Every structure is written in C-alpha cells, then in structure tokens.
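Below is one structure, written out as structure tokens, with a few remarks after it.
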Amino acid sequence: MINTLICTASSTIREAMVCINENLLGTVFVLKDKKLVGVLTDGDLRRALLGGKSLETKVDDIIKNKTFTYGHYSEPHEALLGKITDKIKIIPLVNDQFELVDYFQFKQGIHFPVTSPSLSGNELKYLTDAFLSNWISSTGQYIIRFEKEFAQYCGVNYGVATSNGTTALHLALVALGIGPGDEVIIPDLTFAATINAVLYTGAIPVIVDVEEASWCICPQSIEKHLTPKTKAIIPVHLYGQPAEMDAIMKIAKKHNLFVVEDCAEAHGAEINGKKVGSFGHINCFSFFGNKIITTGEGGMCVTSDEGLNHKLRVFRDHGMNKERRYWHDYVGFNYRMTNLQAAIGCAQLERIAEMLDKRKTCEQMYKVGLNHFKSIEFQKCDIPGRLKVTWLVSFLLKGVSRDTVIANLKKNAIDARPFFFPLTKMEIYKQYGKACPNSEKLSQIGMNLPTYINHTETEKVIKVLNKIMQELP
Ligand SMILES: *Cc1c(COP(=O)(O)O)cnc(C)c1O
C-alpha cells in the first residue's frame with residue numbers, strides 16, 4: 001500500500017492534490033479513523049475548486065454524499081475486474097471492518113499478447129558474433145547463409161533478403177516488370193501490404209473474393225476477373241492456410257501470367273508435399289516480430305529462376321550494375337536486410353520445426369478445450385493436399401457476438417484479434433473491387449487467439465474463454 005494513495009478526511013484539497021501529484025494514479029483514498037470513507041479523483045478535486053471551494057477546504061466537505069466504488073480484499077479477481085469501468089481504473093480494497101488494506105488496479109498492459117517472438121536459441125550468440133565481426137550493415141556471412149538456408153528450406157534455388165515483407169512484395173513485382181497499365185489480381189481478405197505493394201508499382205490491383213472453406217483467394221473468381229491487362233496474381237496463404245496453388249498456377253500458365261505468393265503468414269506450409277514459396281515465379285516472406293520466424297523487421301524473395309534472382313538483387317541494391325560500381329541501369333531501391341537481422345534469422349531458422357510444432361500444439365489445445373462449443377468453427381486443417389501451419393490460432397464464431405468475446409477477453413488482459421477488414425470496405429481501396437461476400441462474412445465472424453505462448457498460459461486463456469462463452473447471452 002503506497003502512502004501517497006491515502007489522505008484523511010481532515011486533509012485539505014491542497015494536501016489531496018499533493019498526494020495525487022506524487023502517486024501519478026489520479027486518485028486518492030480518504031480515511032477517517034482508519035476506515036475508508038471516500039475516494040477522490042483529480043477530476044473531483046478540480047470540479048470542487050471550479051465549484052467555488054478553496055485549496056484549504058477540507059476533503060471531508062466534498063466526500064459527503066458521494067458514493068464510491070470499493071472491493072473486499074477476498075473478492076475474486078474477476079469480480080474486481082467487473083468493477084473497472086472507463087472512468088474507474090483503481091479501487092480500494094477493505095476488510096470486514098472497512099479498513100483499507102490494499103487496492104486493485106486495472107493495467108492496460110496486455111498480459112497475453114496474440115503472439116510474441118521466441119529468441120531462446122542461438123539468436124543472441126549469432127547476433128553478438130555478427131556485431132563483434134563489425135559486419136553490421138547489409139553484407140556479411142549471415143546474410144549469405146540466411147538467404148541460402150531459407151531458400152533451401154522452401155525448396156527453391158535463390159533467396160534475396162529484404163528489409164521487410166512489404167518491400168519483398170514490391171521488389172518482386174518490380175523485378176517481374178509490373179508497372180503502370182498492368183493489372184494484378186489479389187484477394188479481398190489479407191493484410192494491406194499485399195495491395196499497397198501493387199499500388200507502389202503504379203499497376204492497378206484487382207480485388208477478388210476468397211473461398212469460403214480455405215479463406216484464401218478463389219481460383220474461379222480469378223478467372224472471372226482476367227482482362228488483357230492482367231499481368232500477375234498474388235495469392236496469400238492466409239493465417240497459415242495454403243491457397244489453391246495448383247489451380248492458380250494452371251490459370252497463370254494458360255494466360256501467361258506471373259504468380260507472386262504472399263507467404264508472410266505461412267512459413268513451412270505445404271501443398272502435396274511441396275512448401276509454399278516454391279510455386280510462384282517469385283515468392284515473398286515476412287520476418288516481422290509477430291510472424292512464424294522473425295528477424296525483428298525483415299523479409300525475403302525466393303525464386304528458382306536465376307535471371308529473376310539477379311534482377312531482384314540489382315533492384316534491391318539501388319539498381320546498381322553488379323559489374324560496374326556506381327553505374328545505375330535502373331531506378332532501384334535500398335531494400336536490404338542487415339547482417340545483424342540475418343544473424344537472428346539463421347538462429348530462428350534452426351528452430352523453425354520446433355516453433356511450428358509448438359504453435360500446432362497450442363492450436364490443438366484450444367481445439368480440445370473449446371470443442372464443446374457448437375458456435376466455434378476452427379480453421380480447416382483437412383483440405384485435401386494442403387498442409388496448413390499455425391500462425392495465429394484462428395476460428396469463426398457463428399451465432400454469437402465475436403466483438404463481445406474479444407472485449408471480454410480484453411477485460412481479462414487477453415489480447416485477441418478480429419480478422420482483417422475486407423480491402424473493399426476501406427475508402428482508399430474500394431475502387432479496386434466489388435463487394436466480396438465470402439470475405440465480408442469471414443471478416444465479421446473470424447478471430448485470432450494468443451498463439452505460441454507457453455502451455456500453462458494457453459490453459460489459462462482456455463479457462464477464461466470457456467467462462468466467457470458460457471456466459472454469453
Ligand atoms: C505481415 C504481412 C505482410 C507484410 O510484412 P511486413 O514484414 O510487416 O512488411 C504482407 N502480407 C501479409 C499477408 C502479412 O501478413
């Protein structure tokens with residue numbers, strides 16, 4: 001119990017204000033003969049002064065007839081949380097004699113984030129090694145190694161590391177020669193980086209609907225939106241689920257289109273035993289802090305085409321000629337990853353199987369712990385030929401309010417996320433597509449749960465979620 005949270009009924013407004021000024025909690029508890037008689041906030045004091053009281057007025061004078069919220073020290077955590085409102089973030093706790101014994105404070109800080117990086121392997125060792133080698137910029141042994149090993153992991157010939165997943169997508173489109181006058185087909189349900197990368201090139205994104213079952217871009221919708229200007233398709237392996245690549249590659253071949261897989265959420269996912277990232281012409285990964293493996297910020301383009309590998313490198317490195325230094329053949333970019341980031345990436349890649357496994361176990365635990373709720377429909381894991389990975393545990397909530405569930409989780413310091421908004425719902429993108437019914441429906445009822453936290457924490461989230469679901473109207 002901190003002293004600056006307490007004043008007595010005979011204290012003056014000035015003294016109460018000094019307390020609040022020191023405790024930084026915006027609140028002071030008022031005691032009289034050890035017993036709690038009131039709670040004052042900085043707002044109460046301000047209003048009293050504006051209402052004509054002076055700094056020397058006794059607080060006794062302003063707590064009269066004023067109700068206040070308090071709790072009993074033995075009340076369960078959830079009951080206390082129930083007393084927290086937009087205005088009341090801290091409440092006094094009393095014993096049976098109504099003496100102040102403690103206080104309860106609501107902390108905005110989320111205790112169970114949706115995901116957080118795991119850096120418990122060789123990450124620090126390699127990072128230190130890169131640092132001590134003095135190769136901290138964008139050349140060095142870890143860059144070479146990370147590009148090579150990640151490409152190998154995906155089953156392709158080349159990897160070109162980038163500053164993030166968005167620059168990887170932009171770089172891929174540029175290397176494929178996509179620009180003004182071209183159209184690029186993308187799904188309605190994705191993270192905005194997919195469409196932004198298209199817009200950077202000056203090409204027109206064409207937004208199409210997703211499949212109801214896989215939540216990924218729908219091949220039939222792609223075919224419906226082909227025009228003579230169509231140059232490329234960007235399928236997104238959403239929430240770890242591979243898109244229908246066989247059908248998409250068939251369409252691309254027939255119409256002479258490029259395919260850029262957006263694999264930002266699906267490292268290690270497979271289709272008929274082949275890893276995502278090995279189907280399209282250039283395919284892009286993100287290593288942002290919340291992805292399956294991370295370099296902090298980072299990304300990579302992977303390809304099996306030697307010519308495209310060369311182009312990607314030239315465009316990534318300022319468009320500079322690889323033989324003639326400081327001679328520029330193109331308006332390029334600086335989209336490089338640093339050796340420091342790649343060092344972390346190498347250590348993460350050593351553990352990718354372990355991380356995928358842990359995430360999968362986490363999803364399995366949620367499935368077991370929540371399977372009795374008919375309203376919960378987990379992301380499909382039995383689409384023939386497709387092996388999904390768990391990025392964020394994802395499910396649909398049918399017939400109950402998703403937003404209520406998320407809000408109630410938040411009250412218990414558990415972070416949960418609604419699905420992405422459909423791109424066509426947003427003012428800046430809606431000109432690029434018509435309403436997409438599947439995407440719209442999924443976006444309204446889909447949510448992600450904390451994933452890759454330790455199993456004890458997963459159990460706690462399951463327990464809270466069970467309670468929330470049972471108490472839903
Ligand atoms: C995260 C993500 C990206 C962008 O990656 P950054 O590294 O954050 O730039 C692109 N597409 C999808 C689908 C993503 O989830």
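Only the coordinates and a few stated rules stand behind these numbers; no lab work does. In this text, all values refer to a predicted model and were calculated from it rather than measured experimentally. Glycine gets a Cβ as well: all are built from the backbone with ideal geometry, and neighbour counts include every protein chain shown.
Going from the residue with the fewest nearby Cβ atoms within 10 Å to the one with the most, ARG417, ARG47 rank ARG47, ARG417.
Computed per residue of the chain from DSSP H runs no shorter than four, each worth -39500 (n - 2.57), the mean residue ellipticity at 222 nm is -10500 deg cm²/dmol. Its Cα gyration tensor gives region 334-473 an equivalent ellipsoid; the semi-axes, largest first and in whole Å, are 27, 24, 16.
Helix 339-350 axis versus longest C-alpha principal axis of the chain: approximately 90°, rounded to the nearest ten. For the cross-link pairs LYS367/LYS467; LYS388/LYS467; LYS358/LYS441; LYS229/LYS291; LYS253/LYS275, which exceed 22 Å when the distance is taken from alpha carbon to alpha carbon? Too far apart for the 22 Å limit: LYS388/LYS467; LYS358/LYS441; LYS229/LYS291. Across region 61-66, coupling constants 3J(HN,Hα) worked out from phi with the 6.51/-1.76/1.60 Karplus curve, θ = phi - 60°, read 5, 9, 8, 4, 6, 9 Hz, and Gly and Pro carry x.
Around the amide H of VAL39, modelled in the peptide plane, lie the amide H atoms of VAL30, all under 5 Å away and 5 or more residues distant in sequence or on another chain. Find how many whole Å separate the alpha carbon centroid of region 392-468 from the alpha carbon centroid of region 312-372. Comparing the Cα centres of region 312-372 and region 392-468, I get a distance of 26 Å. Sorted fewest first by neighbouring Cβ atoms within 10 angstrom, TRP327, TRP135 come out as TRP327, TRP135. With the largest listed first and rounded to whole Å, the semi-axes of the equivalent ellipsoid of region 41-185 from the Cα gyration tensor are 60, 23, 18. What angle do you read, to the nearest 10 degrees and between 0 and 90, between the alpha-carbon axis of helix 306-316 and the longest principal axis of the chain? On a 0 to 90 degree scale, this one is about 40. Using the alpha-carbon atoms, what tilt in degrees (0 to 90, nearest 10) does helix 141-154 show relative to the longest principal axis of the chain? Around 80 degrees separate the two axes. For the chain, the relative contact order is 16 percent, taking Cα pairs closer than 8 Å that sit 6 or more residues apart in sequence and dividing their mean separation by the residue count.
Only the Cβ atoms of Lys and Arg (+1) and of Asp and Glu (-1) were treated as charged; on that basis the dipole of region 1-116 about its Cα centre amounts to roughly 320 debye. Panel order for VAL393, VAL174, by other beta carbons found within 10 Å of each beta carbon, from fewest to most: VAL174, VAL393.
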